[in-house]
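Novice: Sharing a structure with you now.
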């Protein structure tokens, strides 16, 4: 006589999947998840990582700083993708941050090009754990 083990095997597989998921790494979610609250752009930084001269219009030889302000808790990968008007990626960068609470945390990113940026429209995309969180448009004239 053959015994069918399919229902028992399926239940065991589901239980194992639940156990692995429950024991895996925890990511912040809900009210404590890290969220982007502000992006400032400018040509230079103050020691407290705020922009000293906020602008969205730059000259070709400027260094372009982005300060991303976040709130929330938990280890987080904060990344930027800088693009030119045709969607061409100019630069990508990431930082691992570990904010703890409701105090704002500032993270600095920047790009520079010694031979000068081409005139045109640009955008910086900010991502939290690989998901787009906010964008900021700027221009080089």
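The values are calculated or read from the model by the stated rules, or taken from the named source; none is laboratory data. If you're wondering where the values come from, they're calculated on a predicted model, not measured in any experiment. Note that we place each Cβ from the backbone using ideal geometry, even for glycine, and neighbour counts take in every protein chain shown.
Novice: Grab the strands (runs of 3 or more DSSP E) fully contained in the stretch 22-137, keeping just those with 1 or more residues being surrounded by 15 or more Cβ atoms within 10 Å (Cβ to Cβ), in contact (Cβ under 8 Å) with a residue 40 or more places away in the chain and on the phi > 0 side of the Ramachandran plot.
Specialist: On the way: elements: 35-42, 64-73, 76-84, 89-97, 100-111, 120-128.
Of the strands (runs of 3 or more DSSP E) lying wholly inside the stretch 22-137, those with at least 1 residues that are surrounded by 15 or more Cβ atoms within 10 Å (Cβ to Cβ), in contact (Cβ under 8 Å) with a residue 40 or more places away in the chain and on the phi > 0 side of the Ramachandran plot span 64-73.
Novice: Something else about it: Got a number for residues in the stretch 49-74 being at pLDDT below 95 and over 19 Å from residue 126 (Cα atoms)?
Specialist: 2
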